[in-house]
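Asks: Can you keep this structure in mind? I'll have questions shortly.
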Amino acid sequence: MADWSPTSWTSKPIKQDVTYDDPAEVEAALSKLRKLPPLVTPHEIVDLKKRLRNVALGKAFVLQGGDCAELFDYCNQDMIEAKVKLLLQMSLILIWGANKPVVRIARIAGQFAKPRSSPNETINGTTMPSFRGDNINGFDATPEARKPDPSRLVSAYFHSAATLNYLRASLTSGIADLRTPLDWGLGHIITPSIKQKYTKIVNAVTDALRFMHTIGGLDQDRGVQTAEIFTSHEGLSLEYEQSFTRLLRHPPGALPSLPEQHQKEQALHRRGSSAPTPKGYYDTSAHFLWIGDRTRQVNGAHVEFFRGLSNPIGIKIGPSMTNTELVELLDTVNPAKEIGKVILISRYGADKIADFLPGHIGAVQASGHVPVWQCDPMHGNTQSTPSGVKTRHFTNILSELKQALEIHRAAGSFLGGMHLELTGEAVTECVGGAAGLTEEGLSERYETFCDPRLNEKQALELAFLVAGFYRE
Ligand code: PEP
Ligand code: MN
């Protein structure tokens with residue numbers, strides 16, 4: 001790629017940058033990271049890219065979910081298992097609902113860095129740096145703990161590696177073996193009609209699995225005995241991402257079918273050079289990375305870094321994005337117009353989506369880009385309770401999803417997925433859902449270190465409801 005290198009982002013203006021006290025310590029941490037093995041491989045990354053192409057073409061669905069801010073402390077057996085099981089159960093419901101394969105991407109094994117609206121905050125009269133995520137500083141409310149610490153970048157690698165290791169090990173050891181009965185935990189649902197509706201869906205899914213097992217389908221189909229889960233995080237800390245970005249051999253079949261013009265250019269390029277260029281830059285810290293809404297400036301450092309990656313990438317888009325800017329961004333990060341290379345993650349809010357999504361879809365359709373469209377119904381629906389607790393209402397989350405589906409349908413476009421902040425734990429951070437969580441109940445288990453997440457029951461319920469929309 002012309003005038004791009006893994007360091008070319010350093011000449012561009014950067015948002016959400018971190019200033020460390022000692023540059024030598026930062027360099028020591030990064031040089032250690034550069035020597036460590038990749039967390040994921042081009043083979044896996046390209047596998048995901050191919051699946052996302054199918055999503056863009058309306059042939060599959062993508063479910064992405066996990067914590068807003070992952071902590072090093074979440075690297076433990078129970079929490080990893082709870083998250084894997086939840087994503088798996090949600091995906092089964094969605095497979096049934098949308099009648100399409102589901103690609104699963106977790107916000108896990110590296111979702112440490114957080115953009116913040118203000119670099120500082122005042123707690124109990126003391127002003128200190130805001131918590132920027134476990135790979136940057138500590139959460140404890142002291143100026144000392146909040147000082148950016150470069151050794152956390154190395155810690156982030158080892159926590160990612162340990163999480164990923166257990167994730168892979170549990171998947172290959174049968175955590176996702178659908179021949180064993182799953183506990184759907186519908187006991188909390190107090191309304192009989194809702195309970196009946198969900199039980200019907202669970203029975204339909206269970207029957208289908210039993211049938212597959214009887215005819216031998218499960219034994220042959222590895223995809224049902226075990227499941228693939230791809231990893232993702234926001235590519236915010238560019239020093240960190242750069243140290244995992246390596247020039248690696250493309251796996252066979254890596255270059256997808258591109259528009260005709262681009263294929264011609266590639267052929268010319270191959271003829272003109274002594275050898276084909278079978279390598280590309282892969283960010284091996286995760287399969288999928290996205291650019292957040294705060295760092296997506298066309299001429300900024302993050303877009304510059306991302307445009308050189310061979311990974312599939314995401315871009316968050318909110319109400320501040322103009323139609324022109326959106327197309328300009330797509331042209332910049334995906335000039336070859338590879339189908340499904342980019343996931344556009346829309347996050348407007350239930351009361352704004354109708355004003356922005358139709359225009360964005362129209363502009364993208366006219367541009368000839370074919371991205372995956374994914375709805376993030378979380379980030380546009382954050383609000384504070386009268387006592388100042390950050391929360392999200394289940395009804396707003398559901399409403400944004402429903403509207404997204406309808407707007408895409410009306411525009412002849414395909415809503416290919418959803419992007420959720422969720423946890424496998426029984427936390428109380430979002431209001432509503434069948435268990436009837438109220439604002440007063442939030443303090444019971446309010447544990448997030450950043451944005452409020454759906455608990456496992458609310459997340460499952462959302463999957464039931466979205467599956468229902470597709471079945472309508
Ligand atoms: C996030 O996904 O946690 C996030 C910060 O989102 P956004 O960039 O959409 O605000
Ligand atoms: Mn968040």
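Asks: From GLY97, GLY110, grab the single residue that is more than 16 Å from ligand 2 (Cβ to nearest atom), of a type outside the set (A, V, I, L, M, F, W, C) and either within 19 Å of the chain's Cα centre (by Cα) or within 20 Å of TRP373 (Cα to Cα) (or both).
Replies: Values: GLY110 fails: more than 16 Å from ligand 2 (Cβ to nearest atom).
Exactly one residue qualifies, and that residue is GLY97.
Asks: Of all residues in the range 294-310, count the ones that are within 14 Å of ligand 1 (Cβ to nearest atom), surrounded by 20 or more Cβ atoms within 10 Å (Cβ to Cβ) and either free of Cβ contacts under 8 Å to residues at least 12 places away in the same chain or of a type outside the set (Ser, Thr, Tyr) (or both). Steps first, answer last, please.
Replies: Of all residues in the range 294-310, those within 14 Å of ligand 1 (Cβ to nearest atom) come to 294-297, 300, 302-303, 306.
Still in the list and also surrounded by 20 or more Cβ atoms within 10 Å (Cβ to Cβ): 295-296, 302-303, 306.
With the extra rule that they be either free of Cβ contacts under 8 Å to residues at least 12 places away in the same chain or of a type outside the set (Ser, Thr, Tyr) (or both), the set shrinks to 296, 302-303, 306.
So the count comes out to 4.
Asks: On to the next question. Which residue, of GLU447, GLU440, GLU421, GLU456, is out of contact with any Asp or Glu (no Cβ under 6 Å at 6 or more places or on another chain) and within 16 Å of ligand 2 (Cβ to nearest atom)?
Replies: On the way: GLU440 fails: within 16 Å of ligand 2 (Cβ to nearest atom); GLU421 fails: out of contact with any Asp or Glu (no Cβ under 6 Å at 6 or more places or on another chain); GLU456 fails: within 16 Å of ligand 2 (Cβ to nearest atom).
So the residue among GLU447, GLU440, GLU421, GLU456 that is out of contact with any Asp or Glu (no Cβ under 6 Å at 6 or more places or on another chain) and within 16 Å of ligand 2 (Cβ to nearest atom) is GLU447.
Asks: Tell me, which residue of the range 59-90 that is within 16 Å of ligand 1 (Cβ to nearest atom) and among the small types (Gly, Ala, Ser) is farthest from GLN458 (Cα to Cα)?
Replies: Looking at residues that are within 16 Å of ligand 1 (Cβ to nearest atom) and among the small types (Gly, Ala, Ser), I get ALA69.
Asks: Is there a residue being on the phi > 0 side of the Ramachandran plot and either at pLDDT 95 or above or surrounded by fewer than 23 Cβ atoms within 10 Å (Cβ to Cβ) (or both) anywhere in the range 86-93?
Replies: Kept after step one, since they are on the phi > 0 side of the Ramachandran plot, are these residues of the range 86-93: none.
For the range 86-93, residues on the phi > 0 side of the Ramachandran plot and either at pLDDT 95 or above or surrounded by fewer than 23 Cβ atoms within 10 Å (Cβ to Cβ) (or both): absent.
Asks: Taking LEU462 as meeting all but one of (1) over 21 Å from the mean Cα position of the chain (by Cα); (2) outside any loop (DSSP other than H, G, I, E, B), write down the number of the exception.
Replies: (1)
Asks: If we scan the range 148-167, do we find a residue that is within 16 Å of ligand 1 (Cβ to nearest atom), under 17 Å from ALA69 (Cβ atoms) and basic (Lys, Arg)?
Replies: no
Asks: A follow-up question, please. Checking HIS369 against (1) within 16 Å of ligand 2 (Cβ to nearest atom); (2) within 28 Å of PHE244 (Cβ to Cβ): exactly one of these is not met. Which one?
Replies: (1)
Asks: Still on this structure: When both residues are 6+ apart or on different chains and their Cβ atoms are under 9 Å apart, which pairs have a first residue that lies in the range 244-259 and is hydroxyl-bearing (Ser, Thr, Tyr), and a second that is modelled with pLDDT under 65?
Replies: Here the result reads SER257/GLN263, each pair linking the range 244-259 to a residue that is modelled with pLDDT under 65.
Asks: ILE45 - would you say it is touching a Phe, Trp or Tyr at 6+ places or on another chain (Cβ under 7 Å) and hydrophobic (A, V, I, L, M, F, W, C)? Walk me through how you get there before you give the answer.
Replies: Numbers: touching a Phe, Trp or Tyr at 6+ places or on another chain (Cβ under 7 Å): yes; hydrophobic (A, V, I, L, M, F, W, C): yes.
In short, yes.
Asks: Among the candidates GLY412, GLY433, GLY441, GLY416, which residue alone is within 19 Å of ALA82 (Cβ to Cβ) and either of a type outside the set (A, V, I, L, M, F, W, C) or over 18 Å from the mean Cα position of the chain (by Cα) (or both)?
Replies: Numbers: GLY412 fails: within 19 Å of ALA82 (Cβ to Cβ); GLY441 fails: within 19 Å of ALA82 (Cβ to Cβ); GLY416 fails: within 19 Å of ALA82 (Cβ to Cβ).
Unique residue meeting the criteria: GLY433.
Asks: Given the structure, is PRO115 over 16 Å from the mean Cα position of the chain (by Cα) and within 29 Å of ARG307 (Cα to Cα)? Before the answer, list the steps.
Replies: Details: over 16 Å from the mean Cα position of the chain (by Cα): no; within 29 Å of ARG307 (Cα to Cα): yes.
Here the answer is no, as PRO115 does not meet what is asked.
Asks: Something else now. Being within 23 Å of TYR166 (Cα to Cα) and free of Cβ contacts under 8 Å to residues at least 12 places away in the same chain is the requirement here; does LYS35 meet it? Talk me through it step by step, then tell me what you get.
Replies: Numbers: within 23 Å of TYR166 (Cα to Cα): yes; free of Cβ contacts under 8 Å to residues at least 12 places away in the same chain: yes.
Yes.
Asks: Show the residue pairs that are 6+ apart or on different chains and have beta-carbon atoms under 8 Å apart, the first residue being within the range 381-400 and under 18 Å from LEU422 (Cβ atoms), the second being assigned to a loop (DSSP other than H, G, I, E, B) and polar (S, T, N, Q).
Replies: Correct list of pairs: THR391/THR385; ARG392/ASN381; HIS393/ASN381; ASN396/ASN381; ILE397/ASN381; GLU400/ASN381.
Asks: Tell me, yes or no, whether the range 359-378 has at least one residue that is in a helix (DSSP H, G or I) and among the charged types (D, E, K, R). Step through it out loud before you land on a result.
Replies: Within the range 359-378, the subset in a helix (DSSP H, G or I) is 359-367.
Narrowing the set further to residues that are among the charged types (D, E, K, R) leaves none.
Checking the range 359-378: not a single residue is in a helix (DSSP H, G or I) and among the charged types (D, E, K, R).
Asks: Among (1) free of Cβ contacts under 8 Å to residues at least 40 places away in the same chain; (2) touching a strand residue (DSSP E or B) at 6+ places or on another chain (Cβ under 8 Å), where does GLU447 come up short?
Replies: With (1) free of Cβ contacts under 8 Å to residues at least 40 places away in the same chain; (2) touching a strand residue (DSSP E or B) at 6+ places or on another chain (Cβ under 8 Å) applied to GLU447, the lone miss is (2).
Asks: In addition: Filter the range 400-410 for residues that are of a type in the set (A, V, I, L, M, F, W, C) and within 16 Å of ligand 1 (Cβ to nearest atom); which is nearest to ALA354 (Cα to Cα)?
Replies: Applying the first criterion (of a type in the set (A, V, I, L, M, F, W, C)) to the range 400-410 yields 401, 404-405, 407, 410.
Imposing the further condition that a residue be within 16 Å of ligand 1 (Cβ to nearest atom) reduces the set to 401, 404.
Numbers: LEU401: 11, ALA404: 8 Å.
Within the range 400-410, the match that is nearest to ALA354 (Cα to Cα) is ALA404.
Asks: If you don't mind, there's one more thing I want to ask. Return the only residue of ALA156, ALA106 being within 29 Å of TYR198 (Cβ to Cβ) and in contact (Cβ under 8 Å) with a residue 12 or more places away in the chain. Step through it out loud before you land on a result.
Replies: On the way: ALA156 fails: within 29 Å of TYR198 (Cβ to Cβ).
None of the others qualify; the one that does is ALA106.
Asks: Taking only the range 411-461 into account, find how many residues are out of contact with any Gly (no Cβ under 9 Å at 6 or more places or on another chain), within 16 Å of ligand 1 (Cβ to nearest atom) and under 18 Å from LEU401 (Cα atoms).
Replies: Final tally of qualifying residues: 3.
The values are calculated or read from the model by the stated rules, or taken from the named source; none is laboratory data. No experiment lies behind these values; they were computed from the predicted model shown. So basically every Cβ, Gly included, is an ideal-geometry build from the backbone, and we count neighbours across all protein chains shown.
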